[in-house]
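One structure below.
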Amino acid sequence: MHSFKPLDRTKMRFENNLHAQRLMPWPELNAPFESSWCVIAAGTASTPHEHHEYEIFVAIKGEAFIVCEGEKTRFKAGDTVQFPPFTRHCVLNESLEPFEMYSIWWDAEMSSHFAQRHQQKNQVSDHV
């Protein structure tokens, strides 16, 4: 059996100067990461920030720039970028169209909780 969670653009929240919908976690899925669908409006940038988690951005639609530790790199549909913990970064959309991407982040605590939930689920299914 599979789980399905559709993107609902009407439920996107404005945070970090972009619109985002949290896609993970959700109760039916035991994942070692969290994620969001993000839209950066034309002519804007996400808020520059850094954090303790590892993070990956996957460019889905449009073209923008990644600004990472002061270095500006073109970021277009199909590209992927990874940020180690405590790396200052943002997405700069200088185009006339919205830019869409998928953001995935994780840390050791998320991975540990995933492993514990996975082990508990397997122990329960072994006893059934």
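The values are calculated or read from the model by the stated rules, or taken from the named source; none is laboratory data. Note that this is a predicted model, so its numbers are computed, not measured. So basically every Cβ, Gly included, is an ideal-geometry build from the backbone, and we count neighbours across all protein chains shown. Each accessible area value is taken on the protein alone, full model and side chains, heavy atoms only, with ligands, DNA and RNA left out. Shrake-Rupley method; radii C 1.70, N 1.55, O 1.52, S 1.80 Å.
Out of all the residues in segment 1-21, which are of a type in the set (D, E, K, R) and more than 17 Å from THR47 (Cα to Cα)?
The first filter runs over segment 1-21 and keeps only residues of a type in the set (D, E, K, R), leaving 5, 8-9, 11, 13, 15.
Passing the criteria: LYS5, ASP8, ARG9, LYS11.
Restricting attention to segment 66-77, report how many residues are at pLDDT 95 or above and over 15 Å from CYS38 (Cα atoms).
Here is the first cut: in segment 66-77, the residues at pLDDT 95 or above are 66-68, 71-77.
In the following step, the residues that additionally are over 15 Å from CYS38 (Cα atoms) were identified as 67-68, 71-74.
Matching residues across segment 66-77 total 6.
Checking the conditions here, which among THR73, THR87, THR80 is more than 13 Å from the chain's Cα centre (by Cα) and within 23 Å of GLU97 (Cβ to Cβ)? Full working, then the answer.
Details: THR87 fails: within 23 Å of GLU97 (Cβ to Cβ); THR80 fails: more than 13 Å from the chain's Cα centre (by Cα).
Residue meeting the stated conditions: THR73.
Looking only at segment 68-91, which residues are touching a residue at least 24 places away in the same chain (Cβ under 8 Å), open to solvent by 40 Å² or more (accessible area, probe 1.4 Å) and either more than 17 Å from TYR54 (Cβ to Cβ) or not in a loop (DSSP other than H, G, I, E, B) (or both)?
Passing the criteria: THR80, GLN82.
Give the residue, chosen from GLU94, GLU100, that is touching a Gly at 6+ places or on another chain (Cβ under 9 Å), under 19 Å from ASN16 (Cα atoms), among the acidic types (Asp, Glu) and surrounded by fewer than 16 Cβ atoms within 10 Å (Cβ to Cβ). Show your work before the answer.
On the way: GLU100 fails: surrounded by fewer than 16 Cβ atoms within 10 Å (Cβ to Cβ).
Step by step, each of GLU94, GLU100 is checked, and only GLU94 is touching a Gly at 6+ places or on another chain (Cβ under 9 Å), under 19 Å from ASN16 (Cα atoms), among the acidic types (Asp, Glu) and surrounded by fewer than 16 Cβ atoms within 10 Å (Cβ to Cβ).
I'd like the full set of residues that are assigned to a loop (DSSP other than H, G, I, E, B), farther than 19 Å from SER35 by Cα and either modelled with pLDDT of 80 or more or aliphatic (A, V, I, L, M) (or both), limited to segment 92-128.
Start the filter on segment 92-128 by keeping residues that are assigned to a loop (DSSP other than H, G, I, E, B), which leaves 94-98, 107, 127-128.
So of that shortlist, the ones also farther than 19 Å from SER35 by Cα come out as 94-98, 127-128.
Within segment 92-128, GLU94, SER95, LEU96, GLU97, PRO98, VAL128 qualify.
If you scan segment 15-34, which residues turn out to be open to solvent by 30 Å² or more (accessible area, probe 1.4 Å) and either among the acidic types (Asp, Glu) or in a loop (DSSP other than H, G, I, E, B) (or both)? Talk me through it step by step, then tell me what you get.
Here is the first cut: in segment 15-34, the residues open to solvent by 30 Å² or more (accessible area, probe 1.4 Å) are 15-17, 19, 22, 25-30, 32-34.
Within segment 15-34, GLU15, ASN16, ASN17, PRO25, PRO27, GLU28, ASN30, PRO32, PHE33, GLU34 meet the criteria.
Sort out which residues of segment 35-59 are open to solvent by less than 60 Å² (accessible area, probe 1.4 Å) and charged (D, E, K, R), and write them in order of number.
GLU53, GLU55, listed by residue number.
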